[in-house]
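The values are calculated or read from the model by the stated rules, or taken from the named source; none is laboratory data. This structure is a prediction, so every number in the text was calculated from the model and none was measured. Note that we place each Cβ from the backbone using ideal geometry, even for glycine, and neighbour counts take in every protein chain shown. To get the accessible areas, we keep the full protein, side chains included, count just its heavy atoms, and leave off ligands, DNA and RNA. Shrake-Rupley method; radii C 1.70, N 1.55, O 1.52, S 1.80 Å.
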Amino acid sequence: MIGEADELFVHQTVDTIDHVATTDFRFTDRLVFYVHNRPGDVLLMFGLGAFPNMNTMDGYCLAWRDGVQYNVRFSRELHQDRHKMDCGPLHVRVIEPLRHWHVRMDENDYGVAF
């Protein structure tokens, strides 16, 4: 049965849950979303990445509208809380695994919010 944990940056190994199965510092878990309207005049790309071996999470958003592109990046210390899928103003919640997510970008200094 698929549950919310299947969608999070947490994996089952023989070690404790705060470790991944490799010591490679480049190991990452990432989620990426692409959203656009049918006419193609609005584009939104955003995502989160967890780098547990570097204790870092990053987030980004690219928004394009009316011929203008906006790029925003965020970063935070991971503190081994990979279940917390927030980075700066970007927040991701699993409502129904593999079907329904809630994503929010709070107001910020970059003027990109949704």
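Quick rundown of the values:
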read-out	value
With DNA, RNA and ligands ignored, accessible area of V10 (1.4 Å probe; Å², nearest 10)	40 Å²
Gyration tensor (alpha-carbon) shape descriptor, the stretch 1-59, a/c threshold 1.5	oblate
For V42, residues with placed amide H under 5 Å, excluding near neighbours	N37
E4 versus I17: modelled label distance in nm, points set 7 Å from Cα along the beta carbon direction	1.2 nm
Accessible area (Å², 1.4 Å probe, nearest 10) - Y110	120 Å²
Solvent-accessible ranking of W64, W101, largest area first, probe 1.4 Å	W64, W101
Solvent-accessible area of D81 with every protein chain in place, 1.4 Å probe, in Å² to the nearest 10	30 Å²
Other-chain or far-sequence residues with amide H under 5 Å of T56's (modelled H)	F51, L78
Read-out Cα extents along the principal axes in Å, derived from the coordinates shown; its label in (i) 67, 29, 28; (ii) 50, 31, 22; (iii) 50, 27, 19	(ii)
Estimated vicinal HN-Hα couplings, Hz - the stretch 46-55 in sequence order (Karplus 6.51, -1.76, 1.60; Gly, Pro = x)	8, x, 10, x, 10, 10, x, 7, 10, 6
Sulfur and carbon atoms: percent of accessible area, the chain [1.4 Å]	53 percent
Heavy-atom accessible area per residue - the chain, 1.4 Å, Å²	67 Å²
Heavy-atom SASA rank of H36, H100 (probe 1.4 Å, accessible area, largest first)	H36, H100
